[in-house]
Amino acid sequence: MKVLSRIIRFYYTASHWPEYLAPLLDLGLRLYLANVFFKSGLTKVQNWDSTLYLFSDVYNVPLLPPALAATMAASAELGLSVLLVFGLLGRFSAAGLSILNVVAVISYADLSEAGINQHISWGILLGVLLIISRGQWSLDAWLEKRVGVSSKTGPVG
């Protein structure tokens, strides 16, 4: 019985070892998603006439004039991606890109099944950053320590 107990104890100890990779996974997710959205924002800015055409004649963005929607989308993709890379306002950035991602799916009626699946994948990964991620290798983590906030217990005092 002692051997079985040791095996079980070892298993449960070893099963936590992958958790040490969490900061690396978090950073990888941030870099991957920032790359996807930043490139999209660059494409919009580099081909502004095409972007305005798409937002006025192809995409059906609700409630916003096409030029404003295009400007907001490009600004969000570029700005929030940069914040995401550095992990500065990381959860805010993930939330903003999540909203942008949902609006993109809603606005483009001719999106293929593969395109929808890609947006779903991005949404899930953004959800991980928004809800689960601790961002230990981020400016947010550094700032939390500097201002005396513990992410586990709230304000430290």
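Things to note:
- At full extension, residue 149 and residue 32 could sit 39.3 nm farther apart than now, given 0.36 nm per residue minus the alpha carbon distance.
- Selection of trypsin sites (Lys or Arg not before Pro), the stretch 1-105, meeting DSSP coil and at most 12 other Cβ within 10 Å: none
- Under the criterion of Cα pairs below 8 Å and six or more residues apart, the relative contact order for the stretch 13-96 equals 34 percent.
- Between 51, 94, 63, the Cα set farthest toward the positive side of the dipole of the chain (charges on each charged residue's Cβ, about the Cα centre) is that of 94.
- Contact order normalised by residue count of the stretch 45-157, Cα under 8 Å, 6+ apart, percent: 24 percent
- Whole-Hz couplings from phi, Karplus 6.51/-1.76/1.60, listed for the stretch 59-69; x for Gly and Pro: 7, 10, 6, x, 6, 10, x, x, 5, 5, 4
- At an R0 of 30 angstrom, the distance between the Cβ atoms of residue 48 and residue 22 translates into a FRET efficiency of 0.15.
- Across the alpha-carbon set of the stretch 4-82, the Rg to Rh ratio works out to 1.40, Rh being the Kirkwood radius.
- From the C-alpha gyration tensor of the stretch 24-147, square roots of 5λ in Å: 28, 15, 12
Bear in mind that the values in this text are calculations on the coordinates, not laboratory data. Model, not experiment: these values are computed from the prediction. In this analysis, Cβ positions are derived from the backbone assuming ideal geometry, glycine residues included, and neighbour counts consider all displayed protein chains.
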